[in-house]
Amino acid sequence: MSSKFRILAEISEKLSGNKKPILVGGSAVEFYTRGTCKSIDIDLLGDRETLVKLLEDMGFSKMGRHWFYTKDIGIEIVGSSAEGRRVNEVLHEGKVIRIISIEDLIVDRLNACKHWKSQYDCEQAQVLFGAYRDKLDLDYLKTRMKEEDLEMELIRINL
């Protein structure tokens, strides 16, 4: 996989337990689709103060809302908590990365599809659903979709 996941693995390795950031957004889609869907930045959930200090120590520079190590790897800290969502731990090159569950990622993409009218996010939800259909916790997915008032979006992904 790309250098962005190597950087994320390095960041994660320097932190312990719940201090490890959680990958969300487009790069989480990119990870789960093994690069079929691409993202231009890395969106993370985590303790902002801890992450900012670590990024500074690693040589990242802040430009706008993103932190850059090289001009093509930007990191945005989009929130602090994944409360109410499931998080998976996966290995990348022998290092643990925390990443939002596929079910919650589908819900995230469908929220963007519905509220931002983003066709790209609709397509990402469909790709994720199709690729992982047999591995999804459908009861959990349906519950999360009801919580987010996305029942009508079920039709979009043929659930």
**OP:** Working only within the stretch 79-118, note down all residues that are over 11 Å from the mean Cα position of the chain (by Cα), at pLDDT 90 or above, among the small types (Gly, Ala, Ser) and not in a strand (DSSP E or B).
**Re:** Ser80, Gly94, Ala112, Ser118
Original post:
Which condition does Asp134 not pass, out of (1) within 30 Å of Glu49 (Cβ to Cβ); (2) out of contact with any Pro (no Cβ under 8 Å at 6 or more places or on another chain), if it passes all the others?
Top reply: (1)
Original post:
If you check every pair at least six apart or on different chains, which have Cβ atoms under 7 Å apart with a residue in the stretch 9-29 that is in the same structural domain as Leu45 (by TED's automatic domain parsing) first and a residue that is part of a helix (DSSP H, G or I) and among the polar types (S, T, N, Q) second?
Top reply: Leu15/Thr50; Lys19/Thr50; Lys20/Ser12; Pro21/Ser12; Val29/Gln124
Original post:
Can you tell me how many residues in the stretch 16-36 are surrounded by fewer than 19 Cβ atoms within 10 Å (Cβ to Cβ) and either in contact with an Asp or Glu (Cβ under 9 Å, 6 or more places away or on another chain) or farther than 18 Å from Glu93 by Cα (or both)?
Top reply: 4
Original post:
Name the pairs whose Cβ atoms lie under 9 Å apart, with the first residue in the stretch 66-78 and within 11 Å of Ser27 (Cβ to Cβ), the second polar (S, T, N, Q) and outside any strand (DSSP E or B), and 6 or more positions between them or separate chains?
Top reply: Ile73/Ser2; Ile73/Ser3
Subject >> Search result, residues across the stretch 30-55 that are assigned to a helix (DSSP H, G or I), over 15 Å from the mean Cα position of the chain (by Cα) and touching a residue at least 24 places away in the same chain (Cβ under 8 Å) >> reply: Arg48, Thr50, Leu51, Val52, Leu54, Leu55
Subject >> Enumeration of residues in the stretch 39-69 that are touching an Asp or Glu at 6+ places or on another chain (Cβ under 6 Å) and closer than 17 Å to His92 by Cβ >> reply: Ser39, Asp43
**OP:** Please determine, by comparing only the residues of the stretch 67-113 that are crowded, with 18+ Cβ neighbours inside 10 Å and of a type in the set (D, E, K, R), which one is farthest from Asp43 (Cα to Cα).
**Re:** Glu103
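Tell me which residues, restricted to the stretch 4-29, are assigned to a helix (DSSP H, G or I) and closer than 18 Å to Ser81 by Cβ.
The initial filter retains those residues of the stretch 4-29 that are assigned to a helix (DSSP H, G or I), namely 4-13, 17-19, 25-29.
Result: Ile11, Ser12, Gly17, Asn18, Lys19, Gly25, Ala28.
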Original post:
Counting only residues that are among the hydrophobic types (A, V, I, L, M, F, W, C) and touching a Cys at 6+ places or on another chain (Cβ under 7 Å), which one in the stretch 124-151 is nearest to Val87 (Cα to Cα)?
Top reply: Ala125
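Tell me yes or no: at least one residue of the stretch 56-78 is part of a helix (DSSP H, G or I) and modelled with pLDDT of 95 or more.
Scanning the stretch 56-78, I find at least one residue that is part of a helix (DSSP H, G or I) and modelled with pLDDT of 95 or more, so the answer is yes.
Looking at the stretch 130-153, which of its residues are in a helix (DSSP H, G or I) and either among the basic types (Lys, Arg) or in contact with a Leu (Cβ under 7 Å, 6 or more places away or on another chain) (or both)? Explain how you work it out, then say what you get.
To start, the set of residues in the stretch 130-153 that are in a helix (DSSP H, G or I) comprises 130-132, 138-147, 151-153.
Lys142, Arg144, Met145, Lys146, Glu153 - these are the residues of the stretch 130-153 that are in a helix (DSSP H, G or I) and either among the basic types (Lys, Arg) or in contact with a Leu (Cβ under 7 Å, 6 or more places away or on another chain) (or both).
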**OP:** Answer yes or no as to whether Asp121 is in contact with a Cys (Cβ under 9 Å, 6 or more places away or on another chain) and either charged (D, E, K, R) or free of Cβ contacts under 8 Å to residues at least 24 places away in the same chain (or both).
**Re:** yes
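The values are calculated or read from the model by the stated rules, or taken from the named source; none is laboratory data. Please read all numbers here as calculations on a predicted model, not as lab measurements. So basically every Cβ, Gly included, is an ideal-geometry build from the backbone, and we count neighbours across all protein chains shown.
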